[in-house]
1. Once you charge only the Cβ atoms, +1 for Lys and Arg and -1 for Asp and Glu, what is the size of the charge dipole of the range 72-263 about its Cα centre, to the nearest 20 debye?
2. Which residues' amide hydrogens lie under 5 Å from the amide hydrogen of residue 208, considering only partners 5 or more residues apart or on another chain, with H built in the peptide plane?
3. Got the relative contact order for the range 72-263 handy, in percent, Cα pairs under 8 Å and 6 or more residues apart?
4. Got a sec? What order do 193, 239 fall in by accessible area at 1.4 Å, biggest, i.e. largest, first?
5. Considering only DSSP beta bridges where both residues belong to the chain, give the percentage that are antiparallel (nearest 5).
6. How large a share of the accessible area of the chain, in percent, is made up of carbon and sulfur atoms when the probe is 1.4 Å and the other protein chains stay in place?
7. Just from its helices, what would the mean residue ellipticity at 222 nm be for the chain, if runs of 4 or more DSSP H residues each count -39500 (n - 2.57) and the sum is divided by every residue, rounded to the nearest 500 deg cm²/dmol?
8. Arrange the peptides 215-227, 176-188 so that the one whose residues have, on average, the most other Cβ atoms within 10 Å appears first.
Amino acid sequence: MLTTLPPAIEYLRKRMVVEPLRLDTRSTPNRPLGLSPAQASAAISWGQANFDEPFGSLSPRDRVLLYAYWNQKRHLEELSEAFRQLFGHGRPKQSMIIVDLGCGPFTGGLALAGQLGPEEEFEYIGVDRSKTMLEFGKQLAAEAHDNDELPSIAHHWVISISDIDWREAPGWRPVVIIVSFLLASQSLDVKKLIGELHSLLARLSRGEATVIYTNSVKEDPNRNFPTFRDALLSIGFRLQTDEIGGIQAVQKEYKLRYALFHRNSQRILRLGGD
Ligand SMILES: C[S@@+](CC[C@H](N)C(=O)[O-])C[C@H]1O[C@@H](n2cnc3c(N)ncnc32)[C@H](O)[C@@H]1O
C-alpha cells in the first residue's frame, strides 16, 4: 500500500522546514543552505551528529533543519504506516501517553498526530540529548497543537528520562514508546536506558505499554538490538514482531528493520501473599 503523509503534516513541514530553508539567502534551487546532498549528509551524519555543535559555517539550528529536510520525512512515513496499522481499526479509549526516545524534531508525535483525528488527544514526552532538536520539536508540536485538523497535544521535552517531571498519579492510560533510529547512537547505554524506562513506566501508568522499534536494515545500526530486546523482556515485555519490511512511499520504496513489544496492564492480585 502506498504510504503518504496527511495534508496537514505536509503543510506543517512546508511551513516550518521547507520554506525557511528555501528563503535562506545561502540556498539555491535544489540546494538547501547551498549544500549538495553529500555535504548535507556530512552535516547530519545519518542523524547521529551532535546537533548542538556548529559544523563549519552551519549553526546547530541549520543542522537540525537539514535533518528535518533530508531525513525526517522518511521516518515520518515509516511511523505513520506503523500507527495506521496499530490504530486503524480502533484506538484506546483513554488518552495515550507517548514517550519518544531520541525523538529528533517531534518525529513520532507528528506521525501519530497525522493518524489521529482532531477530536483525539494525546500527551507526548520527547527525549533527546540535543537541546537544539528539542527546541525545534517543541515549535513543531506547538504548531501541530494549534492546527484544527490535528489532535490536541500536551507536550514535554527533556534531555534524559530522569528529567521527566511527572506529577500525575499513575492511572491506566496506555503508553506507547517509540525508538526510531536511535540504537545506532554511540552515546547510548542501552541497559541504562531500559532501566530508566522501567522506573518511568511505574510513574506514568499501570496500563498496557507498547514499544515500537524502527531502524536501518544494516547490521551495525542494529548491533545493540539484542541487548535492547533482552532488557525489555526482563521487565515483562513480550516480543510480538521482529522483521524487515518495506515502505512504499511516493518517490521510492525503502526497507526498514522493525520490532514491536507489548506489556499487559500491570493488574496484580495477591490474596494473603506478598
Ligand atoms: C537518527 S535521529 C532519529 C530522530 C527521530 N527519532 C526520527 O526518527 O526522526 C537520532 C536522534 O537521537 C538523538 N540521540 C542520540 N543519542 C542519544 C542519547 N544517548 N540519548 C538521547 N537521544 C540521543 C539524536 O540527537 C537524534 O536526534
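The values are calculated or read from the model by the stated rules, or taken from the named source; none is laboratory data. The structure presented is a predicted model; accordingly, all values stated were derived computationally and were not measured. Virtual Cβ from ideal backbone geometry, glycine too; neighbours counted across all protein chains shown. Quick note on the areas: whole protein, heavy atoms, side chains included, nothing else; ligands and nucleic acids left out. Shrake-Rupley method; radii C 1.70, N 1.55, O 1.52, S 1.80 Å.
1. It comes to approximately 640 debye.
2. 175, 265
3. With pairs under 8 Å counted, the relative contact order is 19 percent.
4. Ranked from most to least accessible, the order is 239, 193.
5. Taking every DSSP beta bridge within the chain, about 40 percent pair in antiparallel fashion.
6. 50 percent
7. Calculated from helices alone, the mean residue ellipticity at 222 nm is -10000 deg cm²/dmol.
8. Sorting 215-227, 176-188 by mean packing, highest first, produces 176-188, 215-227.
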